[in-house]
Structures are given as C-alpha cells and as structure tokens.
Amino acid sequence: MIVVLLGLIGAGKGTQAKMLVESNDFLHISTGDMFRDAVKNQTDLGKIVEGYMNDGALVPDEITIKMLLERLASSQSSNDLLLDGFPRTTAQCDALDNALVTNNLEIDCALNIDVDENILLDRIAKRASIENRQDDDPEIAKQRLENQRTTLQEVANYYDQKNKLLKVDGLGSVEEVHQRVLSVLEKKGS
Ligand code: ADP
C-alpha cells in the first residue's frame, strides 16, 4: 500500500508517521527529514536547500523531485510506503504518479490530517521550544503556514479528483488520532 500523508505544519504528520511505521511496518520517507539531514551534514544538497528552509519556503520542485525519486528507486518495492511531506505541489504529484506508473504502482490514498490553524500555531510554538527547530520560530512558522495553505489545498484537490483523498480529524491525543488513521486505512484495505 502506498499512502501519502498530508497536513499543515504541526498537524502531526511526523508523529502519526512514526506510529504507523511501528504498527503497520510502513517504510517512512520524509522529505523534510531528508533535507534536515542534508543540512546537518552540510552536503552539497544541504548547502543548496538550507536557505529555502530557513526562510520557510519550499525547496524548488526540480531539486525535491530528483531527491525523492532517487530515494524511491533505492527502496525495497515490497514495502508498504508512507510518504510524509511529499508531494507538496501538483508538479510533485505528477512526477510521483509518473514514476509509480512505470513500476505498475499507484498511490492508494492521501490522508489529510486536519487541525484548526490557531491550534497549529500553538503546537508549533511548543515544538520550537522543545526541539529547537530553527524553522519553528514563530515568525517563520507563520510564513510556512501561509505558504502551505494554498499548496496543500492544491495537492488535496489533486487526490480528491482521483477519489483518493481521505480526511482524518487531527484533534485529540496522539493515540486517538492514530486509531482514526488506522480505521481509515483499514476501510481502504491495508
Ligand atoms: P513541515 O511540514 O513542518 O513544514 P517538513 O519537515 O515536512 O516540515 O519540511 C521542512 C522544510 O523542508 C519545508 O519548510 C521545506 O523548506 C522543505 N521541504 C520538505 N518537503 C518538501 C517538498 N515536498 N517540497 C519542497 N520543499 C520541501
């Protein structure tokens, strides 16, 4: 099964991804984690993407798509796949679909974890103080939220038109949301 996790920053994508990896043995691919690793290790890629990330901007499609497709190509095709933070633009959606089609694969569903934006800003502020993520600084976080609102809607529409969009209420405890995610996936036939 190939699942795309959607949600604004702070919606709990990363946390839910981790829980799904534990409960259902998904292979988790997070473009945010990959970029953060690259920046931490100051690789060529890291030096290029650092500025975008610190500005709360999206890394250009060309760079992001290339990195993701290379990662997909090197992963075991037998695994269930959980994509977290990708796709974020319709160009990324198209590139992913095209790459999957050549391997006779397709996205099974896109899970949109839905949380009210005021609650998100609160959560992000808390995360900033705990994890010390530079891009969680309140001003940058606001910028990311602004940037993400439109693009998330475009990506959600993309999957909605293909009848693949499933909404999950992201309010409540981590465990409650996890149970909702599981029940949605079960209905979908994981
Ligand atoms: P969040 O969902 O909290 O913004 P992520 O960890 O998914 O955090 O991403 C962190 C940053 O990495 C983004 O702000 C962006 O700069 C970059 N990034 C991650 N995924 C993508 C993507 N699919 N396309 C473009 N940029 C991305």
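Each value in this text was obtained by applying a stated rule to the coordinates, not by laboratory testing. None of these values were measured; they are calculated from a predicted model. So basically every Cβ, Gly included, is an ideal-geometry build from the backbone, and we count neighbours across all protein chains shown.
Annotations
- Sorted by Cβ neighbour density within 10 Å, fewest at the top, the residues Ser30, Ser183: Ser183, Ser30
- Cross-link reach list, lysines versus Lys187, counting only Cα pairs under 17 Å and skipping chain neighbours closer than eight places: Lys164, Lys167
- Mean separation of Cα contacts under 8 Å (6+ apart) over length of the chain, as relative contact order %: 34
- Cβ-placed point charges (K, R +1; D, E -1), dipole of the stretch 2-189 about Cα centre in debye, nearest 20: 100
- Cα-only Debye scattering, the chain: base-10 log of I(q)/I(0) at q = 0.13, 0.15, 0.16 Å⁻¹: -0.67, -0.91, -1.06
- Per residue, the chain reaches -19000 deg cm²/dmol at 222 nm when only DSSP H runs of four or more residues are counted, each adding -39500 (n - 2.57).
- Among Thr31, Thr102, the ranking by other beta carbons within 10 Å of each residue's beta carbon, starting with the fewest, stands as Thr102, Thr31.
- Förster-model FRET efficiency, 35 Å R0, Lys126 and Asp97, C-beta, rounded to 0.05: 0.45
- Distance histogram for the stretch 139-190 (every C-alpha pair counted, 10 angstrom bins, percent rounded to whole numbers): 21, 34, 38, 7, 0
- By the count of neighbouring beta-carbon atoms within 10 Å, fewest first, Val177, Val4 end up ordered Val177, Val4.
- Amide H contacts of Leu6 (H built 1.01 Å from N, under 5 Å, at least 5 apart or other chain): Leu111, Asn112, Ile113
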